[in-house]
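Comments concern the structure below.
The values are calculated or read from the model by the stated rules, or taken from the named source; none is laboratory data. Being a predicted model, the structure only gives us computed values, none of them experimental. Note that we place each Cβ from the backbone using ideal geometry, even for glycine, and neighbour counts take in every protein chain shown. Side chains are part of the model used for accessible areas, which takes the heavy atoms of the whole protein and leaves out ligands, DNA and RNA. Shrake-Rupley method; radii C 1.70, N 1.55, O 1.52, S 1.80 Å.
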Amino acid sequence: QVQLVESGGGLVQPGGSLRLSCVGFGSDFSFSVMGWYRQGPGKQRELVATIASGGSTYYADSVKGRFTISGDNAKNTVWLQMNTLEPEDTAVYYCNTNGRHGSSFRVNTYWGQGTQVTVSS
């Protein structure tokens with residue numbers, strides 16, 4: 001099995017910054033893509049940013065220019081640097097990974113437990 005452990009959430013004032021971390025544990029799993037989703041109060045879960053093992057990244061329009069995703073393949077770790085935070089960024093942030101176990105062709109998806117980010121004065 002695969003486990004994702006997140007850290008770094010908290011309370012921050014508008015305009016402030018936070019850095020989220022996610023470490024993946026699991027033997028013989030590729031962690032091909034790692035990323036972050038979020039779910040705000042009364043909203044559906046939405047994609048924030050992803051990074052592939054080759055380094056390509058994707059950002060939701062709402063966070064472009066403010067958030068930066070980075071990763072370390074050797075450590076199965078991904079970070080999300082969040083700058084110029086807005087109240088609308090308040091949400092539970094979930095780490096996510098897609099990949100394959102061993103030589104299997106099946107793609108599996110795993111989620112972390114979530115970390116709360118609150119942007120408020």
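Summary of values
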read-out: Which numbered condition Ala49 fails, given (1) surrounded by 15 or more Cβ atoms within 10 Å (Cβ to Cβ); (2) in contact (Cβ under 8 Å) with a residue 60 or more places away in the chain; (3) in contact with a Phe, Trp or Tyr (Cβ under 7 Å, 6 or more places away or on another chain); value: (2)
read-out: Candidate set: the range 3-43, residues that are among the aromatic types (Phe, Trp, Tyr) and part of a strand (DSSP E or B); chosen: the one surrounded by the fewest Cβ atoms within 10 Å (Cβ to Cβ); value: Phe25
read-out: Failed criterion for Thr90 (all others in (1) of a type outside the set (Gly, Ala, Ser); (2) under 19 Å from Val2 (Cα atoms); (3) touching a residue at least 40 places away in the same chain (Cβ under 8 Å) hold); value: (2)
read-out: Residue in the range 47-65 that is within 12 Å of the chain's Cα centre (by Cα), within 15 Å of Gln116 (Cβ to Cβ), at pLDDT 95 or above and not β-branched (Val, Ile, Thr) present; value: no
read-out: Hits in the range 95-110 - residues which are open to solvent by 50 Å² or more (accessible area, probe 1.4 Å) and in a strand (DSSP E or B); value: His101, Thr109
read-out: Unique residue being touching a Lys or Arg at 6+ places or on another chain (Cβ under 7 Å), open to solvent by less than 80 Å² (accessible area, probe 1.4 Å) and assigned to a strand (DSSP E or B) when the list is Val92, Val78; value: Val92
read-out: Filtered residues of the range 44-54 (kept if assigned to a loop (DSSP other than H, G, I, E, B) and under 18 Å from Cys95 (Cβ atoms)); value: Gln44, Arg45, Ser53
read-out: Single condition Gln113 does not satisfy, out of (1) open to solvent by less than 20 Å² (accessible area, probe 1.4 Å); (2) modelled with pLDDT of 95 or more; value: (1)
read-out: First in the range 64-85 and at positive phi, second anywhere and of a type outside the set (A, V, I, L, M, F, W, C) and in a strand (DSSP E or B), Cβ under 6 Å, 6 or more apart; value: Asn76/Gly24
read-out: The range 55-75: number of residues that are assigned to a loop (DSSP other than H, G, I, E, B) and surrounded by fewer than 18 Cβ atoms within 10 Å (Cβ to Cβ); value: 8
